[in-house]
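Asks: My questions will all concern the structure given below.
Coordinate-derived values only; no laboratory data. Bear in mind the structure is a predicted one, so any value in this text is a computation, not a measurement. Cβ coordinates were reconstructed from backbone atoms using ideal geometry, including for glycine residues, and neighbour counts include every protein chain displayed.
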Amino acid sequence: MALKPGLVFEVMASAYRHDVLDKGMSIMGDAIDGAMLDTGLKIGDLVNKMDEAQERTVMKLNNLLARSGLLLQLAASDRLMAAVSRLLDVKVVRKTAATVMHRMLVKAVAAGAVEGGRP
């Protein structure tokens, strides 16, 4: 199923209207801080490591996005984004989200080092 043009914009606009983007960026900042502490990398090095994704990984993400039209339509719902925004006000939800993102970042950096042939 092809991705409907503008659907990602609709999702992001809804997320913006309900402060999900601001709350998400704060959570991502906490996750990045934790990943920097765990890996010993500075922000520039961490971004460079994340930018070293292999073509296979990019193609997997592209295929996932191409098949996610129904999920994106649901995510564009203002009611859903309002609920997500309220959930992100709960401390345990924010902490859990930051922890999951933190682990994913550390794993991605470690996988990039192995895929790229670096120690």
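Asks: Could you list the trypsin sites (Lys or Arg not before Pro) in segment 7-55 that lie in coil according to DSSP, counting only those with at most 14 other Cβ atoms within 10 Å of their Cβ?
Replies: 42
Asks: Each residue of segment 33-49 in turn: what ³J(HN,Hα) in whole Hz from Karplus with 6.51, -1.76, 1.60 and θ = phi - 60°, glycine and Pro shown as x?
Replies: Rounded to whole hertz, the list is 4, x, 5, 5, 5, 5, 8, x, 8, 8, 4, x, 5, 5, 5, 4, 5.
Asks: Sequence neighbours fewer than 8 away in the same chain don't count; with that in mind, list the lysines whose C-alpha is under 30 Å from residue 60.
Replies: The reachable lysines, counting only those whose Cα sits under 30 Å from residue 60, are 4, 23, 42, 49, 95, 107.
Asks: Could you give the size of the charge dipole of segment 7-115 about its Cα centre, using +1 on the Cβ of each K and R and -1 on the Cβ of each D and E, expressed in debye and rounded to the nearest 20?
Replies: For this selection, approximately 380 debye.
Asks: Toward the positive end of the charge dipole of segment 7-115, about the Cα centre and with charges on Cβ (Lys, Arg +1; Asp, Glu -1), which of 54, 92, 28 goes farthest?
Replies: Toward the positive end, the furthest listed residue is 92.
Asks: Determine, for each peptide in 85-93, 30-38, the mean count of other beta carbons within 10 angstrom over its residues, then list the peptides with the highest first.
Replies: 30-38, 85-93
Asks: Can you run phi through the Karplus equation (6.51, -1.76, 1.60; θ = phi - 60°) for segment 77-87 and list ³J(HN,Hα) in whole Hz, with x for Gly and Pro?
Replies: These are the phi-based 3J(HN,Hα) values: 5, 5, 5, 5, 5, 5, 5, 4, 4, 5, 4 Hz.
Asks: Hey, what number do you get for the chain at 222 nm if only DSSP H runs of n ≥ 4 count, each worth -39500 (n - 2.57), divided across all residues, to the nearest 500?
Replies: Details: 7 runs with 93 residues, N = 119.
The helix-only estimate for the chain comes to -25000 deg cm²/dmol at 222 nm.
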